[in-house]
Structures are given as structure tokens and as C-alpha cells.
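Each reported figure results from applying straightforward, stated rules to the coordinates on display, with no laboratory input. These figures come from a predicted structure and were not determined experimentally. Cβ placement follows ideal geometry from the backbone for every residue including glycine, while neighbour counts extend to all protein chains displayed.
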Amino acid sequence: MTHDAPSEVQSLMTEIGRRARAAASVVALASTEAKNKALRAAAASIRAHAAAIKSANAKDMEMASSEGLTPAMLDRLLLDDKRIAGMAQSLDEIAELPDPVGQEIARWSRPNGLDIARVRTPLGVIGVIYESRPNVTADTGGLCLKAGNAAILRGGKESLNSSKAILDCLHEGLAAAGLPVDALQMIPTSDRAAVGVMLRMSEFIDVIVPRGGRSLIERVIAESRIPVFQHLEGNCHTYVDGAADLEMARRIVLNAKMRRTGVCGATETLLVDRRVVDSHLPALVKDLLAAGCEVRGDEITRKVDNRVKAATEQDWYTEFLDAIIAVKVVAGVDDAIAHIGKYGSHHTESIITADADAAAKFLTKVDSAIVLHNASTQFADGGEFGMGAEIGISTGRLHARGPVGVEQLTIFKYVVRGAGQVRP
């Protein structure tokens, strides 16, 4: 543990870690029925306490507004009736998912008669550090529980009241199922020293999942002594190929950028094949500007509309998380793939085209966690993938990649059955 953290913070974190480890040993062996009962009871509690959750969220929104959070960040923080209902529905959907714990991934026999099975087991205790979005509390809690894990949650200070109200509902669910409420704990202090301590609690925490901006992710990667599900940022691209249907491209591009600008799957750079500069680019730019999006373009794009601002080199690297998009004309699919390889963050990329060969090349050669054909990048979401919800989207290469759902929150062990064999 760190020696620069106040002793009271270290003591607090040690106690949270100790309780989480004890609870993890219980939920790891909990029955599917008990876990599902807890999830459904938590969903019911969220619905029953929707007014209290909104009241807590109003306090967070007021404080965040006074501190000057951007409209996109305020949107991430907001909990309305629809989003609260969505949290409850997500918990019910997680309950409906198959239980991964104990699931046989593979099984085979050796010539000596040994029977070997690879079986899913929980990861243990998962530490989750996140900013702004309080619904992460429900999604994370539900997924960790279903996979037989305990979780230690460190939400952003701007969402503390909302997250606490949601956690109370999760605790109601755990208690209703006779499971330890310590399986889901939240760090009750906004002291940044707590994060430093958390990243070194390897005796209590098995994996860290960070969700937030670049500065948070970089800090976690730099300081953690615990394995990290890496999600650096979502610098996502949509490429409109020369064989793209114009009306389809207009629908997808507008949705990919503007449906919700503050989510990690929002398109940040639009690439357009030079073959359709005259037929497609003007309409795409006009749609974005009409929707209130600031367009930063290369020289060709700026000629389309005088409201387009000049894009800088840094813009191609930037996850705006706002109503801003960078637009560049490229020389076909190979040029688009090269641009994504240079500037992208390996998160989510989409190609819009009727050319099957171009689509196949894009889907094969683009090295990102999620690649799509003729669909919006905003589908980069565990819930949309049928996974109930997600704890985050991993852009790393170890253990999990893409949406991290119930299965990705398990590891495996080998179960070997013999009949008295000894090794010669």
C-alpha cells in the first residue's frame, strides 16, 4: 500500500478489502437461484425507489452544474425516469443470462485415461473506478454478482449521491437473497488518495476496471500493481466508402455522432472516400451542422461549407465526447484503414458500403475491439450485444476484449479426473 496516503484512508481501504475478500468466497459458491433472486430484488428496489434516486441525482446535477461540467458530461450524469427504468431492466436481463460459473468450456480425454475439463470460475474481487455515469453502479454490481464476484466501486465525486442511492437498492437485493451485502461496496470518500491505495491492494483485489477519461486511465495503468482491463479511450471512426448508399450513410453518421455524444462508442472522426466527395460529403456535413455539431475538416471538407473549421493534427487523435467531429477525405478503404491504424484507439470502427469485398477487407484488417459493417458505432455496448450490460469495453489484448460482460468476468480452472494414474 502507499505510504503517502493518510492513515485513516489506508485503514478504511484495508477494511473494505478484507470484507470484500470474505464476501467473494461466499458469492463464488452461491447458487444460480440465489444470485438471480438478488438481481431481481435489486431491480424491484430500483423501481420502488426511483423518486429517491432522482432526488439524489438532482443534488449531483446541481453540484456538477455549479462546477462547470460540459453538457456532454452532465448528460452522462443525468438519471431520468427512462434511465432508471433501464437500470432495473438491465438487472432483470442479467438475471436471465446463463450462469457462467461452473460452465464447461472444453473437455477431452488423454490416452492414459485422464479426463480433463476447462471450467469457468469467478475472478474474485473486482475493483471498478469510474467517472460521472451513476448507472455504472447498477451494471457493474449486477454483472459482478452474476459472475460470482465481489466488487469494490469507486465512483466519481460528481455522482456520489446517485451511486449511493443505487447501491442501497443493490444491497436490498443481496439481503433479500441471503447473500452478504459486502459483496458490493463503495468507497465512501472522494479523497484521491483512496485510488492510490486501491491500485496497490493486490492482496484483496484481483483485477481493476477503470472507466473514465484519459487522465484516469493513464493513472491506473501507470500505478496499478493489479491486472487492468484496459480501456484507454474511444476514438471511434465511421468510414463512408465509395460504394455506400447515401441515405443509409446519412442515417448512420448522424446517429453515430449525435445520438449521445458523451459515450465511448460515439464516432469522433468521419472518413469519406474521395469517390463520393461530390455526391455524399455535402449532405453528411450539412446534416451534422444542422444537428448542432461542430465540424472540423481537412481542406477538401472545408470547401463544402464555410462553417467547417480547420482540423488540426491533434483532432485526428481526439476523443471529443462532445458535439464535435473531425472529417477527412481518404483515398479508399486502404487509406481509411491506415488512418484508423495511426490515429485510432482500437475501440470501435464502422464501414458503410455495399461492396462486400471492401467490407471484408475493413472488418479483417482494422485492429479494433469492435468492427461494424453498415451500422452505427453507438452499438458498442454490452447490452446491445445481448450481454445484459457491460462493465466496460476493453481495448487491451489480455483476457477480455470488447464489451466486458458476465463471461469476461470469469477465469477458468482445469478439473482433472483420474482412476489411479501415476506419471511414469
Give me the one-decimal nm value for the distance between modelled label points at Ser190 and His373, 7 Å along each residue's Cα-to-Cβ direction. 4.8 nm
Measuring from centroid to centroid over Cα atoms, what is the spacing of the range 339-370 and the range 112-144 in Å? 29 Å
Sorted from largest down, give the three principal axis spans of the alpha carbons of the chain, whole angstrom values. 71, 64, 43
Please express the Cα-Cα pair-distance distribution P(r) of the range 236-379 as a list of whole percents, one per 5 Å bin, running from 0 to the bin with the greatest distance. 2, 12, 23, 27, 23, 11, 2, 0
Phi-derived 3J(HN,Hα) across the range 408-424 with the Karplus relation (6.51, -1.76, 1.60, θ = phi - 60°), rounded Hz, x for Gly and Pro, is 6, 8, 10, 10, 9, 9, 9, 9, 10, 10, x, 9, x, 5, 10, 7, x
Given a 10 angstrom Cα cut-off, can you work out which residue in Arg211, Arg219, Arg21 is the most mobile in a GNM of the chain? Arg219
Residue-wise HN-Hα coupling along the range 60-72, computed from phi with Karplus coefficients 6.51, -1.76, 1.60 (Hz; x: Gly, Pro): 5, 5, 4, 5, 5, 5, 5, 8, x, 4, 5, x, 5
Could you order the peptides 143-150, 223-230, 34-41 from most to least packed, using the average number of other C-beta atoms within 10 Å per residue? 143-150, 34-41, 223-230
Can you tell me the order of 412-419, 303-310 when each peptide is scored by its average per-residue count of other Cβ atoms within 10 angstrom, highest first? 303-310, 412-419
Rel. contact order, % - alpha carbon contacts under 8 angstrom, at least six apart, the chain: 19 percent
Amide H neighbours of Met186 under 5 Å, counting only residues 5+ apart in sequence or on other chains, H built in-plane at 1.01 Å? Leu153
For a test of the definition: using alpha carbon positions, the gyration tensor, and the 1.5 limit on a/c, classify the range 71-123 as rounded, prolate or oblate. prolate
Quickly estimate the mean residue ellipticity at 222 nm for the chain, helices only: each DSSP H run with n ≥ 4 gives -39500 (n - 2.57), and the total goes over all residues, rounded to 500. -13000 deg cm²/dmol
With Cα springs under 10 Å, the Gaussian network model of the chain assigns the largest mean-square fluctuation among Ala360, Ala165, Ala369 to Ala360
Ranked highest first by the average count of other Cβ atoms within 10 Å around their residues, in what order do 71-79, 374-382, 273-281, 111-119 fall? 374-382, 71-79, 273-281, 111-119
